[in-house]
1. Taking 8 Å as the Cα distance limit and 6 or more residues as the minimum spacing, I'd like the relative contact order of the chain as a percentage.
2. Given R₀ = 45 Å, FRET efficiency for A247-R193 by Cβ-Cβ distance, to 0.05?
3. Which residues in region 349-370 have a backbone N closer than 11 Å to a point placed 7 Å from the Cα of K429 along the Cα-to-Cβ line?
4. Once every DSSP H run of n ≥ 4 in the chain is given -39500 (n - 2.57) and the sum is divided by its residues, what mean residue ellipticity at 222 nm do you get, rounded to the nearest 500 deg cm²/dmol?
5. Please sort 268-277, 396-405, 79-88 by packing, taking for each peptide the average over its residues of neighbouring beta carbons within 10 angstrom, highest first.
6. How high is the FRET efficiency between K5 and E285 when r is their beta carbon distance and R₀ equals 41 Å, given to the nearest 0.05?
7. When M320, M440 are ordered from fewest to most other Cβ atoms inside 10 Å of their Cβ, what list results?
8. Just to check I understand the Karplus step: with θ = phi - 60° and J = 6.51 cos²θ - 1.76 cosθ + 1.60, what whole-Hz values come out for region 303-317, glycine and proline as x?
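No lab work stands behind these numbers, since they all come straight from the coordinates. Please read these numbers as outputs of a predicted model, since none were measured by experiment. For neighbour counting, all protein chains shown are included, and Cβ atoms are generated from backbone atoms with ideal geometry for every residue, glycine included.
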Amino acid sequence: MEQTKFLLDESQLPRRWYNIVADMPNPPQSPLHPGTGEPIGPDDLAPLFPMALILQEVSEEAEIAIPDEILDIYSLWRPTPLYRAHRLEQAAGTKSRIFYKYEGVSPPGSHKPNTAVAQAYYNKKEGRTRLSTETGAGQWGSALAFACKLIGLECKVYMVRISYEQKPFRRSMIQLWGAEVVPSPSNDTESGRAILEEFPDTPGSLGMAISEAVEDAAQRDDTSYSLGSVLNHVLLHQTVIGQEAIAQMELAGAFPDVVIGCVGGGSNFAGLAFPFIREKIAGREIDVLACEPAACPTLTRGLFAYDFGDTSKLTPLVAMHTLGHDFVPAPIHAGGLRYHGVAPLISQLVQDGLIRAEAYVQSEVFAAAMLFANSEGIIPAPESSHAIHGALKAAREADEAGEQRTILFNLSGHGHFDMTAYDNYFAGKLEDVALDEEEMQRALRAIEGLPTPA
Ligand SMILES: Cc1ncc(COP(=O)(O)O)c(C=O)c1O
């Protein structure tokens, strides 16, 4: 019998986060002040974030030590398992070997607590007592509520309205861990009220919820803003995933030819991929593939440009692939992938040819999720299922080329609270929305006149 699970001992939990900025061929471009257009410095970010996180955001050190208090909480679920997907390989009839790293074993059910715990820790250490945040699918909101409960902070979550309605149990989880949750746009902030006045029936978007959470934090001394993806320090915290995966692939006597993750803001993808891209920059041949929804094709069709991270233009301007800050993606079930931008670090690496991207429609993603659930047993989150589809497609392409490849993907979370999405799939109610070219050109007009990256 061939081995299925590759497990590390608690003592093998990575002790450092990996900062890819130290190795990038071209460093990311500086964020710009939304008012002056000048590069921003640590002081500009101080009203929103604790200094330890700001310093991580701008750090060029290759490795940053993980404090013991964070390792202590990580040890509740880390190291996470790496699986060889024997049954999926059989079901797909491929000659390639497929491995997956499973982040759904964390208490909230995804990779998100890897950064939630770190962010709550540094905020508490610097005397903040409350965090505000947005959430799309509810995975991030529940992860931050969990982290705040364990560390002892209050938490307010602005949850994208469509997810608030589609995922009542994610909302309950957020409440169970003691946080306040409201549908976004809400009447609790000026940005929310302004959006509601103009678009009373909007399904909401991550861009809108970010505006509300940023405004909340900017107006209170006791509150910091916490973002679940996109920023450099968030991607940094996720690199425990890839570091563990490298050690586990070694246990399996293998190294991936292809590394795959789904991309919303980019944190789970970066968490798995960055430690492998370190090897790629050092000369190893690895195909690194980012998978996104065709309804929100940021990397495959968006522009690399300076844009705001939120709808109401409260955040700094960052150089990233974007569909425009007022773009509202169609309400697909992968709520965590409905974001108009993507992490600047990932965008730069795409520009430099170290990462490639593909976009998929919902029905093919759910078909892959079904094949996975019916062979491996785990019910995947709709977001993660984009990576499953990417892996199956890569395996099919290898078979067609007469090659056997080793494929590794990140299964970023389970889908236990996404059963409405599966019900809609069974009922044939999922719409295959690919972003309309006209709507894309309209949305991109929002960035006309903003600075262009060098
Ligand atoms: C399970 C899961 N995977 C992936 C994502 C996408 O986020 P990111 O690109 O930051 O990993 C989310 C976001 O909510 C998620 O819940």
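1. Values: 1026 pairs, mean separation 87.6, N = 454.
Relative contact order comes out at 19 percent.
2. Numbers: r = 50 Å, r/R0 = 1.11.
Computed FRET efficiency for A247 and R193: 0.35.
3. Within reach of a label on K429, which here means backbone N under 11 Å from a point 7 Å along Cα→Cβ, region 349-370 contributes nothing.
4. Working: 19 runs with 183 residues, N = 454.
Taken over the chain, the calculation gives -11500 deg cm²/dmol.
5. The peptides rank, most packed first, as 268-277, 79-88, 396-405.
6. The pair K5/E285 has a calculated efficiency of 0.90.
7. Result, fewest neighbours first: M440, M320.
8. For region 303-317, the Karplus-derived couplings read 9, 8, 7, 6, 8, 7, x, 9, 5, 8, 6, 8, 8, x, 7 Hz, x marking Gly and Pro.
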